[in-house]
Amino acid sequence: VNENFRKHSPAGTVYLVGAGPGDPDLLTLKAAKVLAKADIVFHDELVAQGVLAMANPAAQIVNVGKRAGMPSTGQDQINRLLADAAFSHPVVVRLKGGDPFIFGRGGEELDYLQARGVPVEIVPGITAALGCAAQAGLPLTFRNEATRLTLLTAHRAEDALAFDYAGLAAKDNTLAIYMGKETAARVAAGLIAAGRSPETPVAVIVNGTLPDERWLTGTLAGLGSVAARAGSGPALIVIGEVIRHSTPWREALDGSSHSSNAA
Ligand SMILES: C[S@@+](CC[C@H](N)C(=O)[O-])C[C@H]1O[C@@H](n2cnc3c(N)ncnc32)[C@H](O)[C@@H]1O
């Protein structure tokens with residue numbers, strides 16, 4: 001970008017938009033309206049085709065997510081792309097899975113754009129934990145039984161090692177772990193060592209809210225092997241007594257479900 005040009009104010013606004021957990025019907029009305037007037041859309045890999053189909057047909061659509069074996073566009077590069085686009089496009093949409101501010105690096109994009117005087121608006125989305133739970137009749141909190149919900153990410157081994165396990169071990173704390181498939185066994189061991197019951201129900205939800213959604217259930221002691229059977233696709237791990245209320249857990253106990261495997 002020409003630096004002289006940069007001295008002028010950007011013409012456009014960047015909308016950091018949550019695309020929801022997958023099912024396009026879970027998009028907010030505000031997100032649909034912004035998409036319909038977008039001039040350019042930068043989206044992550046996890047954003048469903050049905051959501052992209054709601055974009056202005058004239059909009060340029062740019063995938064900045066990971067593609068089969070290819071490295072994803074780096075965060076610094078995405079930040080620059082967004083800022084540059086705002087100088088030439090009135091409505092720039094940055095579309096992210098779930099909610100832009102829950103493990104989506106939306107905060108970094110907001111900081112970068114604001115520091116450069118680019119107007120930003122945030123459109124919240126239904127985060128994976130809420131979407132996956134609702135779809136399966138899983139109440140993440142429950143009167144007297146589950147009085148807290150903690151959203152965590154355990155992408156790297158360091159994340160799992162750094163958890164405050166003592167703070168997470170209480171029976172009334174429902175845990176929703178994003179990007180936790182690889183570190184599941186480590187997290188389970190940490191929780192059990194900190195006093196959480198090995199019998200605590202767990203669920204691994206793959207492709208939540210999408211037509212090929214899969215649920216695998218078990219107990220905390222077996223979480224590593226449950227996660228290992230999850231296969232490909234985005235997976236959310238839920239740990240807590242509330243899982244006993246969910247439809248897949250009940251079905252697994254009845255032996256009537258093919259996709260769930262209660263321990
Ligand atoms: C980079 S994080 C983005 C989270 C997103 N901003 C949100 O609010 O849901 C990606 C992780 O979210 C979880 N996730 C997103 N969509 C999901 C879905 N449809 N089913 C299960 N997990 C999902 C998975 O743990 C996945 O690895």
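The values are calculated or read from the model by the stated rules, or taken from the named source; none is laboratory data. Here the structure is a predicted model, which is why all the values come from computation and not from measurement. No Cβ is skipped: glycine too gets one built from the backbone with ideal geometry, and neighbour counts run over all protein chains shown. Surface accessibility is based on the protein's heavy atoms, side chains included, excluding ligands, DNA and RNA. Shrake-Rupley method; radii C 1.70, N 1.55, O 1.52, S 1.80 Å.
Subtracting the Cα-Cα distance of Ala194 and Arg143 from their residue separation scaled by 0.36 nm leaves 15.9 nm.
Student exercise: in the chain, how many lysine pairs 8 or more apart or on different chains have Cα atoms under 22 Å apart? Let's see the in-between values first.
On the way: Lys30/Lys96; Lys33/Lys96; Lys37/Lys96; Lys66/Lys96; Lys66/Lys181; Lys96/Lys181; Lys171/Lys181.
Eligible lysine pairs with Cα atoms under 22 Å apart amount to 7.
Here the calculated FRET efficiency for Leu29 and Asp84, from their Cβ-Cβ distance with R0 = 45 Å, stands at 0.95, rounded to the nearest 0.05. Averaged per residue, the stretch 41-145 has 49 square angstrom of accessible surface, using a 1.4 angstrom probe with ligands and nucleic acids left out.
Between Arg105 and Asp76, the modelled label-to-label distance comes to 1.2 nm, taking each label 7 Å out from Cα in the direction of the beta carbon. Based on the convex hull around the alpha carbon atoms, the stretch 167-263 presents an average projected area of 5.6 nm². A simple rule links phi to the HN-Hα coupling: the Karplus curve 6.51 cos²θ - 1.76 cosθ + 1.60 with θ = phi - 60°, which for the stretch 58-63 gives 8, 6, 7, 10, 10, 8 Hz, with x for Gly and Pro. The distance linking the stretch 183-199 with the stretch 16-94 is 37 Å (Cα centroid to Cα centroid, whole angstrom). Peptide packing for 10-20, 129-139 was compared via the average number of neighbouring C-beta atoms within 10 Å per residue; ordered from the highest value, the list is 10-20, 129-139. Round to a whole number: what % of the accessible area of the chain belongs to carbon and sulfur, probe 1.4 Å? Here it works out to 54 percent.
For the chain, the alpha carbon convex hull comes to 135 Å³ per residue, rounded to a whole number. Here the label points at Ala58 and Ala157, each 7 Å from Cα along the C-beta direction, are separated by 5.3 nm in the simple model.
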